[in-house]
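K.L.:
Here it is, the structure in full.
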Amino acid sequence: MRRDIFQAVADPTRRAIIVLIALQAMTPNAIAEHFDTTRQAVSKHLRILTECELVKQEQQGREIYYSLEINKMKEIDKWLEQFRKIWETRFNQLDKVLSTIKKQKK
């Protein structure tokens with residue numbers, strides 16, 4: 001089953017896992033050490049992130065390492081870009097209003 005990428009990142013624990021593995025690949029046990037939850041709960045989060053293709057697994061000997069799938073993160077970034085443009089426009093408009101108010105007070 002392929003899950004929705006946005007449902008996956010809606011969970012704060014999964015977002016925290018993404019942040020952890022963005023810097024380096026980690027085993028499930030190493031990831032679980034950063035959370036006050038069970039190893040099984042972390043495994044469930046990793047399974048969901050894997051199903052969304054946000055993380056990838058790599059077998060190294062007996063260990064499985066999870067790392068961030070950057071290309072999938074670009075999907076999220078692309079979607080967010082439309083909102084960045086809206087907010088930039090609004091901030092620029094606010095800047096103009098504040099500048100006008102400041103000039104009027106002088």
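K.L.:
Quick check on my filter: what residues within the stretch 53-64 are within 23 Å of residue 6 (Cα to Cα) and not aliphatic (A, V, I, L, M)?
P.N.:
53, 56, 57
K.L.:
Would it be correct to say that residue 81 is outside the structural domain of residue 6 (by TED's automatic domain parsing), over 14 Å from residue 14 (Cα atoms) and surrounded by 12 or more Cβ atoms within 10 Å (Cβ to Cβ)?
P.N.:
No: the conditions fail for residue 81.
K.L.:
Sort out which residues of the stretch 65-87 are in contact with a strand residue (DSSP E or B) (Cβ under 8 Å, 6 or more places away or on another chain) and either assigned to a strand (DSSP E or B) or at pLDDT below 90 (or both), and write them in order of number.
P.N.:
Result: 65, 66, 67, 68.
K.L.:
May I pose another question? I want to confirm something. Restricting to the stretch 34-61 and keeping residues that are loosely packed, with under 12 Cβ neighbours inside 10 Å and among the charged types (D, E, K, R), which single residue is farthest from residue 72 (Cα to Cα)?
P.N.:
Going through the qualifying residues, I end up with 36.
K.L.:
Which is hydroxyl-bearing (Ser, Thr, Tyr) and within 14 Å of residue 5 (Cα to Cα), of 50, 27, 38?
P.N.:
Result of the check over 50, 27, 38: 50.
The values are calculated or read from the model by the stated rules, or taken from the named source; none is laboratory data. What you see is a predicted model, and the numbers here were worked out from it, not measured in a lab. Backbone-built Cβ (ideal geometry, glycine too); neighbour counts: all protein chains shown.
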